[in-house]
Amino acid sequence: MSSRVIGVLCALGVLLCIAPGAAYGQEPGAELAPTMVVLDASGSMTGADPAGGTKMDAAKQAVHTFLGAAPDGAPVGLAAYGTATGNSDAERAQGCQDVTVVSPVGPLDRTGLGAAVDRLTPRGYTPIGRALQVAAEQLPQEGPRSIVLVSDGVDTCAPPEPCEVVRTLAGQGVDLVVHAVGFGVDAAARAQLSCIAQATGGTYTDAPDADALRRVLPRVAGSALRNYQPAGTPITGAATVGAAPVAAPGQHLDTIGQHEQRYYSVDVPEGATAYFSATVSFPRLPGVSITSDFNVLELRTYGEAGEDCHEYENEQATNSSHGEALTVETTWTGAADPETGNATGDRCKGGGRYTFALTWDRVSSGVPERLPVELLVAVEPPVADAGPVAVLPTPAFAEPQGPPRPVVGGGSFNVAGALDGSGRYTDTLQRGEFVFYRVQLDWGQALAYRVRFAETPGRSLRNLSPTSTVVYAPSREEISSDNSSYTGSEMVLPSSKPAMTTVPVRYNNRTADDYPARTQSVAGTYYIAVQLGPAAEDPEAAVPVPIQLDVSVSGDPEPGPRYAQVAAPPGGQAPAGAPNAQAPAVRTVIAPAGWVAIGVGALVVIGLVVAVVARRRRGA
């Protein structure tokens, strides 16, 4: 699409005209998030570890394991508390300020950081709140950033209360996520560390002993560097339909409890289509039995008076303890259905206020009682001219030319690494990572790709990891997936066909007889996710794996649909970015920002639904 055409459409108010990077809170091309590791070196760390040695010995070993696994040049710093004073009453005032920046954030220096960790001597108090403040001060003032906190107990110095520290930072708009690891903690410490993590959308993970800590810390720190980060405007779901808050188009952030149902309403104009999705990311948990490692999210739709509209979706996944992010989505077209004049039959038809009920139904063992949930709301205006009806055939995969280009995948949709069209792209995945990339498709264009996993030394269970790849539409609806197992030998996904593919994007694909094509009905940002699961045995011994993405974007851009002017529903507002009433009827090519470009609100979602084992979606 030419810049001249985009400029005209912006002037007409047809597009929000947000650049792709700005739309998703990122610069083009995801980078590793600057990360501070905060290590507990208080007096309690001199205690014995169940696996032998002291807790401090175990923590040092875990940090060395992380340093060995971290990507070259990763922006990592280290702070420790409790090293400069004892823990007597006379030393309390000084001990509660005792936070040492061992190494500021900078390109990874494995030798220097390792030596500095080895010199730490545990002695003093546990000023967690102050340590979080110091760590935040060491990080850049803008952009995504992370803290990984390892502690074996509660804060012994409050105030400041650790949870209040992170809530204050979040309230100031600081783009910060804190991940907490509880090392052999009791219930009180677990609750405090969980609060710290959940207040910023981070994760809490238990590590009962040295072996668990060695497994957990590299995974948690790797997630921090990839910057898994829930985001959105705060909202609190209600326990009933009548009390449901109205969610405007865009992204919202709430929490949800085990087996809890929460309600949210959306105003949908006559003839419009509403999209509602929810994503919950589950923490990585070691040693969870596959028989109990199972989560289910359900989504139901209700009319204005609480009538059941008989729209039901669910998503379910096993192996959630690998760091699964589970998304359930519904596309509500009831506002476009003509009313019949029957009051009872029309309660789920036409424009009005609809309510979506989210339930965390099945719950995996070991997960926290509450987790952050992202809610994505979009309202798409009706079309005056939908464009071509025919579904174009899937193109053949075209081998990309030219040398490979490095790219850094992101830990979520909204920090996905940018793939600039056709080409070869290289990255390196740590074990246990779920990594996202994004590519733009205009109307009439199609995507095809494959993922190559390079050979690494060893063929034992230490090198055996589950793998998968998934391609998603701009609504974050899964289009297709493939999975296999990596054994250390070179392999390619998909394994049974030349490439993962979409059909060329057309608006009318959504009602096509070719059911799989229905997900490819809007131009914009499409996503590729690649998963490399933890090794089957001794995860910390498994080496990272280089990958290559062979990407082909084909097809000539064509005009997209023409959206109609719509009226606001009773008591509501017109959809975000709906065409200006004074604007002439123009055919538009949707700009690369996708859902934002058609003015339906930015759909930003964290997480990855991977098809390593059985997953089903059901509608009723």
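The values are calculated or read from the model by the stated rules, or taken from the named source; none is laboratory data. Predicted, not measured: the structure shown is a model, and the values here were computed from it. All Cβ positions, even for glycine, are placed from backbone atoms using ideal geometry, and neighbour counts span all protein chains on display. In case anyone asks, the SASA skips ligands and DNA or RNA and just uses the protein heavy atoms, side chains included. Shrake-Rupley method; radii C 1.70, N 1.55, O 1.52, S 1.80 Å.
Observations, loosely collected:
- Flag if P107 is at pLDDT below 95, open to solvent by 50 Å² or more (accessible area, probe 1.4 Å), farther than 25 Å from A191 by Cα and in contact with a Pro (Cβ under 7 Å, 6 or more places away or on another chain): yes
For (1) under 26 Å from H252 (Cα atoms); (2) open to solvent by 40 Å² or more (accessible area, probe 1.4 Å); (3) assigned to a strand (DSSP E or B), each residue gets a yes or a no:
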{"position": "A398", "(1), (2), (3)": "no, yes, no"}
{"position": "G421", "(1), (2), (3)": "no, no, no"}
{"position": "T426", "(1), (2), (3)": "no, yes, yes"}
{"position": "F436", "(1), (2), (3)": "yes, no, yes"}
{"position": "V439", "(1), (2), (3)": "yes, no, yes"}
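- Count of region 127-150 residues which are open to solvent by less than 10 Å² (accessible area, probe 1.4 Å) and either out of contact with any Phe, Trp or Tyr (no Cβ under 7 Å at 6 or more places or on another chain) or in a loop (DSSP other than H, G, I, E, B) (or both): 10
- Filtering R370, R431 for residues that are touching a helix residue (DSSP H, G or I) at 6+ places or on another chain (Cβ under 7 Å), open to solvent by 20 Å² or more (accessible area, probe 1.4 Å), in contact (Cβ under 8 Å) with a residue 12 or more places away in the chain and within 24 Å of H252 (Cα to Cα) leaves a single hit, R370.
- If you go through region 373-396 and keep only what is open to solvent by 40 Å² or more (accessible area, probe 1.4 Å) and either assigned to a loop (DSSP other than H, G, I, E, B) or without any contact (Cβ under 8 Å) to a residue 40 or more places away in the chain (or both), you end up with P388, V389, A390, V391, L392, P393, T394, A396.
- Qualifying residue in region 495-506 (condition: within 21 Å of Y563 (Cβ to Cβ), in a loop (DSSP other than H, G, I, E, B), of a type in the set (A, V, I, L, M) and open to solvent by less than 40 Å² (accessible area, probe 1.4 Å)): yes
- Residue match in region 70-85 (condition: out of contact with any Ser or Thr (no Cβ under 7 Å at 6 or more places or on another chain), surrounded by fewer than 16 Cβ atoms within 10 Å (Cβ to Cβ), under 20 Å from A135 (Cα atoms) and not acidic (D, E)): yes
- Qualifying residues in region 141-151 (those that are more than 20 Å from the chain's Cα centre (by Cα) and either polar (S, T, N, Q) or at pLDDT below 90 (or both)) - the one nearest to G182 (Cα to Cα): S151
- Pairs with Cβ under 8 Å, 6+ apart, first in region 222-241 and under 18 Å from R370 (Cβ atoms) and modelled with pLDDT under 70, second open to solvent by 30 Å² or more (accessible area, probe 1.4 Å) and assigned to a loop (DSSP other than H, G, I, E, B): Q229/P144; Q229/D175
- Among the conditions (1) in a helix (DSSP H, G or I); (2) without any contact (Cβ under 8 Å) to a residue 40 or more places away in the chain, the only one that Q97 does not satisfy is (1).
- Verdict on R215 being closer than 30 Å to D57 by Cα, in contact (Cβ under 8 Å) with a residue 60 or more places away in the chain and open to solvent by 30 Å² or more (accessible area, probe 1.4 Å): yes
- Evaluating R300 against the criteria (1) open to solvent by 20 Å² or more (accessible area, probe 1.4 Å); (2) out of contact with any Phe, Trp or Tyr (no Cβ under 6 Å at 6 or more places or on another chain); (3) at pLDDT 90 or above leaves one unmet condition, (2).
- Qualifying residue in region 322-329 (condition: under 22 Å from A473 (Cβ atoms) and modelled with pLDDT of 85 or more): yes
- Residue check, F413 open to solvent by 20 Å² or more (accessible area, probe 1.4 Å), among the aromatic types (F, W, Y) and in contact (Cβ under 8 Å) with a residue 40 or more places away in the chain: no
- Tally, over region 31-56, of residues that are in a strand (DSSP E or B), of a type in the set (A, V, I, L, M) and within 23 Å of A197 (Cβ to Cβ): 4
- Among the residues of region 155-179, those identified as buried (at least 19 other Cβ atoms within 10 Å of the Cβ) and modelled with pLDDT of 90 or more are D155, C157, P162, C163, V165.
- Restricting region 51-110 to residues that are among the basic types (K, R) and under 13 Å from R214 (Cα atoms), the residue that is farthest from the chain's Cα centre (by Cα): K55
- Just one residue in the set A446, A529, A523 is open to solvent by less than 50 Å² (accessible area, probe 1.4 Å), over 23 Å from the mean Cα position of the chain (by Cα) and not basic (K, R); that residue is A446.
- For A115, the stated conditions hold: it is exposed (fewer than 15 other Cβ atoms within 10 Å of the Cβ), of a type in the set (A, V, I, L, M) and not in a loop (DSSP other than H, G, I, E, B).
- Applying the set (1) of a type outside the set (G, A, S); (2) more than 21 Å from P71 (Cα to Cα); (3) crowded, with 22+ Cβ neighbours inside 10 Å to N483 leaves exactly one unmet item: (3).
- Hits in region 555-565 (condition: closer than 25 Å to A418 by Cβ and surrounded by fewer than 17 Cβ atoms within 10 Å (Cβ to Cβ)): D556, P557
- Positions within region 400-410 being open to solvent by 30 Å² or more (accessible area, probe 1.4 Å) and assigned to a loop (DSSP other than H, G, I, E, B), in sequence order: Q401, G402, P403, P404, V408
- Hey, T203 out of contact with any strand residue (DSSP E or B) (no Cβ under 7 Å at 6 or more places or on another chain), of a type outside the set (K, R), more than 19 Å from L78 (Cβ to Cβ) and touching a residue at least 40 places away in the same chain (Cβ under 8 Å) or not: no
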